[in-house]
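Visitor: Take this structure, written in structure tokens, and hold onto it; I'll ask about it next.
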Amino acid sequence: MQNNRLNIIILAAGKGTRMHTHQPKVLHQIGGKPMLEHVINCANALNPHKVVVVYGYGGEQVKAAFSDKKIIWAEQAEQLGTGHAVQQALPHLDEEGQTLILLGDVPLISQAACQNILNQADQQLMIQSFDKSNPAGYGRIVRQAGTVSAIVEEKDATAEQRTITEVNTGIMAMPTAKLRHWLSQLNNHNAQQEYYLTDIVGIAVADQTVVNAEKTNDEWSVTGINSKQDLAFIERVYQQREAEKLMQKGVTLLDPARIDLRGVLHTEKDVQIDVGCIFEGKVTLGEGVRIGAYCVIKNAQIAAGTNIAPFSHIEAATIGQNSKVGPYARIRPGTVLNDETHVGNFVELKNAQVDTGSKINHLSYIGDATVGKNVNIGAGTITCNYDGANKFKTVIEDNVFVGSDSQLVAPVKIGKGSTIAAGSTITKDTPEDALTLCRAREQKSISGWKRPVNTKKD
Ligand code: UD1
Ligand code: MG
């Protein structure tokens with residue numbers, strides 16, 4: 001149910017100078033999704049009345065990456081600090097209720113952690129903090145007699161304050177009216193000449209509002225990403241967590257540290273995945289599917305009992321039950337393999353619909369083609385589907401046998417039950433149940449013929 005009293009602000013306007021790239025920081029990906037998308041998903045899961053994303057650096061690029069119509073975009077034309085960023089969101093906030101502030105560069109934040117601080121932020125300012133043994137870069141939580149009195153940024157901290165290990169995650173919740181009041185009092189008299197959001201703590205204390213910081217033990221869920229090292233590190237944490245979830249569902253991972261999920265993977269029982277595989281987009285693996293080492297699988301459905309051998313690439317394809325693919329197969333978009341099909345090494349399929357029981361076992365290219373039932377396609381067969389300008393279709397009917405090293409020049413139909421002799425170049429439709437040959441008329445041998453010799457002097 002929507003919480004009509006809840007507004008969420010996500011700060012995403014910063015450049016991310018420490019990333020040393022042109023790409024806006026919040027578009028860098030974790031698990032194949034921009035880090036901002038993780039944060040937006042977390043926000044939406046809390047069913048807020050409004051989600052306001054403050055954008056700025058790389059603005060159009062950031063906006064274009066999200067199609068969610070419910071997001072309210074607030075521009076921060078100049079990045080003058082996190083407090084200034086929140087000020088840009090103020091016109092969009094409801095007068096009543098609470099505001100939760102999230103940072104676009106803290107992608108693994110959990111719904112439960114947000115809910116926990118929201119539950120305590122009806123009257124007071126709640127801060128999510130954590131203990132970090134090496135707190136460099138984070139704002140330190142300063143306490144007096146145990147009570148939070150300020151947050152001091154690293155660059156403004158005294159040597160003594162820098163030894164504080166309780167740090168600010170940047171995630172805060174408070175009554176919206178109070179936030180408005182505190183923000184109006186910010187200044188930029190600090191080492192970075194920025195309007196720090198964190199200064200509202202001192203202001204709130206002066207305003208007699210209770211400020212509380214609650215520590216989480218789940219350090220990685222609140223770790224901010226400021227550098228490529230942080231990005232790589234959090235990516236590994238994310239992948240480790242996804243691997244755990246797969247194993248909890250019963251998937252056998254031969255090494256949980258060597259799988260990468262960049263989308264959503266649905267699995268039935270008894271799935272086994274060998275090392276080095278990458279799954280992107282939406283992938284479904286049916287019961288007992290086995291994926292060999294180093295496969296890249298994107299937006300594909302693979303039905304029960306099918307075995308994908310190592311080093312295969314599959315994209316936007318559907319594969320039926322009890323089939324065998326690979327090793328070294330490339331299945332490109334639009335391909336549908338029915339049940340009990342075999343696709344072997346160095347075979348490329350594109351927009352090919354292959355019916356039950358058919359085999360394409362070695363070194364072939366089959367594109368823009370339909371292949372009937374129980375067809376055998378010999379090694380080195382090519383469908384010539386492209387004349388340099390247009391693409392044409394090849395139809396291979398049931399029970400066809402195509403001999404090795406044949407070229408089928410589309411548009412062409414290979415009639416039911418027909419056999420194509422090895423080495424043929426077929427340019428016309430072939431009759432059903434007949435043998436069709438198309439080779440040089442005779443085979444001759446020249447005795448005494450000598451191979452050319454290398455005439456170049458060394
Ligand atoms: C901030 C906090 C620090 C905290 C840390 C947690 C402040 C002043 N500091 O530091 O206490 O420990 O996060 O990760 O709040 N942003 C804008 N506009 C700006 C500046 C930043 O939208 O003008 C956005 C950035 O895109 C980013 C987030 O705010 O998503 C945090 O900014 P960043 O510069 O990374 O702050 P930190 O130095 O990490
Ligand atoms: Mg940061």
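The values are calculated or read from the model by the stated rules, or taken from the named source; none is laboratory data. Computed from a prediction, not measured in an experiment: that's the story for all the values here. Quick reminder, even Gly has a Cβ in these numbers, built from the backbone with ideal geometry, and neighbours come from all protein chains shown. Protein only, heavy atoms only, side chains kept; ligands, DNA and RNA dropped before computing areas. Shrake-Rupley method; radii C 1.70, N 1.55, O 1.52, S 1.80 Å.
Visitor: In straight Cα distance, which aspartates and glutamates are under 12 Å from Lys282, not counting same-chain residues fewer than 8 positions off?
Guide: In chain and number order, the partners are Glu315.
Visitor: Given labels modelled 7 Å from the Cα in the Cβ direction, how far is it in nm from Lys70 to Asn212?
Guide: The two pseudo-label positions are separated by 2.8 nm.
Visitor: Given H placed 1.01 Å from N in the peptide plane, which residues other than close sequence neighbours of Gly344 have an amide H under 5 Å from its amide H?
Guide: Placed amide hydrogens put Gly326, Ile360, Asn361, His362 under 5 Å from Gly344.
Visitor: Name the long-range amide H neighbours of Phe130: under 5 Å, sequence gap of 5 or more, or other chain; modelled H, no Pro or chain starts.
Guide: Sorted by chain and number, the residues that satisfy this are Val167, Thr169, Thr216.
Visitor: Calculate, for Arg180 and Arg332, the FRET efficiency according to 1/(1 + (r/R0)^6) with r their C-beta to C-beta distance and R0 45 Å; round to the nearest 0.05.
Guide: E(calc), rounded to 0.05, equals 0.25.
Visitor: Can you list the HN-Hα couplings for the stretch 78-86, worked out from phi with the Karplus curve (6.51, -1.76, 1.60; θ = phi - 60°), rounded to whole Hz and with x for Gly and Pro?
Guide: Each residue's phi maps through the Karplus curve to give 10, 8, 9, x, 5, x, 4, 4, 5 Hz.
Visitor: Here's another thing I want to ask about it. What's the percent breakdown of Cα-Cα distances in the stretch 54-193 across 10 Å bins, shortest bin first?
Guide: That works out to 10, 36, 39, 14, 1, in percent per bin.
Visitor: For the stretch 219-225, what does the Karplus curve 6.51 cos²θ - 1.76 cosθ + 1.60, with θ = phi - 60°, yield as ³J(HN,Hα) per residue in whole Hz, taken in order and with x for Gly and Pro?
Guide: My calculation for the stretch 219-225 gives 3, 6, 6, 10, 6, x, 9 Hz in order.
Visitor: Tell me the Rg and the Dmax, in Å, that the Cα atoms of the stretch 231-436 produce.
Guide: 18.6, 62
Visitor: Out of the total accessible area of the chain (probe 1.4 Å, heavy atoms of protein only), what percent is carbon and sulfur?
Guide: 48
Visitor: Another question about this same structure. Tell me, what ³J(HN,Hα) does each residue in the stretch 412-418 have, in order and in whole Hz, if you take phi through Karplus 6.51 cos²θ - 1.76 cosθ + 1.60 with θ = phi - 60° and put x for Gly and Pro?
Guide: Result, ordered by residue: 7, 10, 9, x, 3, x, 7 Hz.
Visitor: Arrange the residues Thr455, Thr158, Thr425 by how much accessible surface each exposes, largest first, with a 1.4 angstrom probe.
Guide: Most to least solvent-accessible, the answer reads Thr455, Thr158, Thr425.
Visitor: Would you mind working out the accessible area per residue for the stretch 231-436, using a 1.4 Å probe, and quoting it in Å²?
Guide: 44
Visitor: Here's something else I'd like to know. Rounded to two decimals, what is the ratio between the C-alpha radius of gyration of the chain and 2.2 N^0.38 Å?
Guide: Working it through for the chain, the quotient is 1.37.
Visitor: Oh, and also: Pick out, in residue order, every one of the GluC sites (Glu not before Pro) in the stretch 260-324 that is DSSP loop and has at most 15 other C-beta atoms within 10 Å; say none if there are none.
Guide: For GluC sites (Glu not before Pro) across the stretch 260-324 that sit outside H, G, I, E and B with at most 15 neighbouring Cβ atoms in 10 Å, the list reads Glu287.
Visitor: Using just the Cα positions, wrap the stretch 107-187 in a convex hull and report its mean projected area in square nanometres, one decimal place.
Guide: Average projection, Cα convex hull of the stretch 107-187: 6.5 nm².
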